[in-house]
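Trainee: Below you will find the structure I want to go over with you.
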Amino acid sequence: MPRYVLAFRGQPDRQPARDEDAAWGTWLGGLGVKIVDPGNRVGQVERLNAEPAGSAATEVLTGYVVVDATDINAATTLARGCPGLKSGVSVEVAETVPMAG
């Protein structure tokens with residue numbers, strides 16, 4: 001099954017919303033066995049913008065999760081549940097590409 005990186009990006013000075021940590025824990029717990037974490041470079045990418053959106057030019061990587069999904073659409077559906085999307089965290093969904101060698 002293909003793997004996808006869900007890369008979380010936000011402003012470096014962003015403060016989490018109240019109860020956001022609990023919401024993240026619930027969301028990640030719901031992903032369960034779909035979460036995997038090998039190192040890979042990425043191929044195809046989709047981006048879900050945060051509300052409110054900060055300047056993409058100043059966003060930084062704030063974390064990531066690697067998931068199994070049947071295709072990029074299924075991975076993007078998983079990413080839509082990210083609680084950070086409602087409080088300034090954008091999510092990029094990128095297919096992993098196995099290293100040659």
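The values are calculated or read from the model by the stated rules, or taken from the named source; none is laboratory data. Bear in mind that the values here come from a model prediction, so they are computed numbers and not experimental data. A quick note on method: Cβ atoms are made from the backbone with ideal geometry, for glycine too, and the neighbour counts reach across all protein chains shown.
Trainee: What about V91, is it surrounded by 13 or more Cβ atoms within 10 Å (Cβ to Cβ), modelled with pLDDT of 75 or more and not in a helix (DSSP H, G or I)?
Mentor: So V91 fits the description; yes.
Trainee: Something else: Please verify whether the range 42-61 includes one or more residues that are in contact with a Leu (Cβ under 8 Å, 6 or more places away or on another chain), at pLDDT 85 or above and surrounded by 14 or more Cβ atoms within 10 Å (Cβ to Cβ).
Mentor: No; the residues of the range 42-61 include none that is in contact with a Leu (Cβ under 8 Å, 6 or more places away or on another chain), at pLDDT 85 or above and surrounded by 14 or more Cβ atoms within 10 Å (Cβ to Cβ).
Trainee: Turning to a different aspect of this structure: Would you call G63 under 9 Å from the mean Cα position of the chain (by Cα), at positive phi and not polar (S, T, N, Q)?
Mentor: Criteria met by G63.
Trainee: Show the residue pairs that are 6+ apart or on different chains and have beta-carbon atoms under 9 Å apart, the first residue being within the range 1-14 and within 9 Å of V60 (Cβ to Cβ), the second being basic (K, R) and assigned to a strand (DSSP E or B).
Mentor: From residues that are within 9 Å of V60 (Cβ to Cβ), the pairs are R9/R47.
Trainee: Same structure again: Mind checking which residues of the range 64-80 are in contact with a helix residue (DSSP H, G or I) (Cβ under 9 Å, 6 or more places away or on another chain) and either surrounded by fewer than 17 Cβ atoms within 10 Å (Cβ to Cβ) or not in a helix (DSSP H, G or I) (or both)?
Mentor: V65, V67, D68, A69
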